[in-house]
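**Student:** Can you read through this structure? Questions will come right after.
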Amino acid sequence: MRDSSGESASSLPSELSAGKHWLRRLVAWITRGLLIAVALYLTVVVVGLVPVNNDFQPTADGIEIHVVSNAVHADIVMPLESSVINWRDVFPKNAFPADTSGATHIAIGWGDKGFFLQTPRWADLKLSVAAKALLWNSGACNHVSMTNAHYVRDHGRSVKISTQQYQRLVAYIQSDLERDANGRTILIADAGYKHNDAFFEAKGNYHALNTCNSWAGRGLKAAGIRTGWMTP
């Protein structure tokens, strides 16, 4: 039997069957690809736990630094002023909405610009924003907060390092800062979470294996501090 177009009606079920078979194969390929990606990521995470700088020893009279994490973002916290650097020369007072003259420490983090600006806390997390951060490059930025020792004691892990180690950490952080033609850091206007913080343009691209934790881990590794080989 043929329809009005002259094609055999009996061919339609076979075409539908072929279409369903192709769709099942496509779903299987996608599923397999996702499982492989997850397996590779977990492998990197496990391997990344292998420590480096195993000979590190804290410096008793050294410069105290801290790593602070709120489960969304990780920051490296350092003295605002030291013999190595005055961070106000890098991030001027007028970049912050509030008077930060009483601050004693500076907290610096790095991450995807879109995710950072829209997700200060877990409660603000949106799947669409997280997916975009992992799949599409929206640029990077540094989150900079002027804070004090009380915040650090309550939220961070601390270690004292030598002046030379701190110099390497500072050099690492500065190497990721975007600067204008005059060598000044580039403020992202009206983007802070509170009155004591601000965002600045940064170098790099955020992805699943290059996160805020990765950035902080590389800084600790550059300073010679014992940490994981990779910290995604």
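The values are calculated or read from the model by the stated rules, or taken from the named source; none is laboratory data. Being a predicted model, the structure only gives us computed values, none of them experimental. Methodologically, a virtual Cβ is constructed for each residue, glycine included, from the backbone with ideal geometry; neighbour enumeration extends over all protein chains shown.
**Student:** So which residues in the stretch 54-74 are surrounded by fewer than 19 Cβ atoms within 10 Å (Cβ to Cβ), touching a residue at least 60 places away in the same chain (Cβ under 8 Å) and either closer than 23 Å to Arg179 by Cβ or among the small types (Gly, Ala, Ser) (or both)?
**Tutor:** Ala60, Gly62, Ser69
**Student:** Test Val77 against the criterion of being under 30 Å from Asp180 (Cβ atoms), at pLDDT below 95, among the aliphatic types (A, V, I, L, M) and not in a loop (DSSP other than H, G, I, E, B), and give yes or no.
**Tutor:** no
**Student:** Tell me which of these Gly217 doesn't satisfy, since it passes every other one: (1) part of a helix (DSSP H, G or I); (2) surrounded by fewer than 19 Cβ atoms within 10 Å (Cβ to Cβ); (3) not acidic (Asp, Glu).
**Tutor:** All conditions pass for Gly217, except number (2).
**Student:** Which of the residues belonging to the stretch 175-229 are at pLDDT 95 or above and among the acidic types (Asp, Glu)?
**Tutor:** Matches in the stretch 175-229: Asp176, Glu178, Asp180, Asp197, Glu201.
**Student:** List every residue pair whose Cβ atoms lie under 8 Å apart, where the two residues are 6 or more positions apart in sequence or sit on different chains, the first residue falls within the stretch 82-103 and is closer than 16 Å to Ala171 by Cβ and of a type outside the set (Asp, Glu), and the second residue, located anywhere, is in a loop (DSSP other than H, G, I, E, B) and modelled with pLDDT of 95 or more.
**Tutor:** Correct list of pairs: Asn86/Leu80; Trp87/Leu80.
Rundown of residues vs (1) touching a strand residue (DSSP E or B) at 6+ places or on another chain (Cβ under 9 Å); (2) more than 18 Å from Leu117 (Cα to Cα); (3) touching a residue at least 24 places away in the same chain (Cβ under 8 Å); (4) not assigned by TED's automatic domain parsing to the domain that holds Trp87, yes/no style:
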| position | (1), (2), (3), (4) |
| --- | --- |
| Arg157 | yes, yes, yes, no |
| Ser162 | yes, yes, yes, no |
| Tyr166 | yes, yes, yes, no |
| Ala171 | no, yes, yes, no |
| Gln174 | no, yes, yes, no |
| Gly183 | no, yes, no, no |
| Ala198 | yes, no, yes, no |
| His207 | yes, no, yes, no |
| Trp215 | yes, no, yes, no |
